[in-house]
């Protein structure tokens, strides 16, 4: 079996309103959970309660995602500011006099 190698470079990743996208998705998961809770008995009668708990898990994981993308966005902005000011962004252990 031949090894597959790409014939061209991969495109740059798309950047957009990541924080807003993750926040909107998280809100959607929680809304879906809240809409399904009054019908829990119906889901339970049909052994479909996993739908309810999947929405809750999606909302919970979305909260972790919001935390992550906010930290990522702040780090990208700090890096851009450091590059613009001419400071060498890097780890303190990278400096020989440290």
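Read the figures in this text as sums done on the coordinates, not as results from a lab. Because the structure is a prediction, the values reported are computed rather than measured. Please note: Cβ atoms are built from the backbone with ideal geometry, for glycine as well, and neighbour counts cover all protein chains shown.
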Legend entry - residue 85-residue 21 pseudo-label distance in nm [points 7 Å out on the Cα-to-Cβ vector]: 3.0 nm
Legend entry - 0 to 90° range, to nearest 10: angle between helix 18-36 axis and the chain longest Cα axis: 10 degrees
Inset, instruction - Report the relative contact order of the stretch 18-82, percent, no decimals, based on alpha-carbon pairs under 8 angstrom and at least 6 residues apart. - result: 48 percent
Inset, instruction - Apply 1/(1 + (r/R0)^6) to the Cβ-Cβ distance of residue 34 and residue 64, taking R0 = 25 Å, and write down the FRET efficiency to the nearest 0.05. - result: 0.80
Inset, instruction - Per DSSP H run of at least 4 residues, take -39500 (n - 2.57); add these up for the chain, divide by its residues and hand me the 222 nm value, nearest 500 deg cm²/dmol. - result: -22000 deg cm²/dmol
Legend entry - Descending semi-axes in whole angstrom, ellipsoid equivalent of the chain, from the Cα gyration tensor: 42, 22, 13
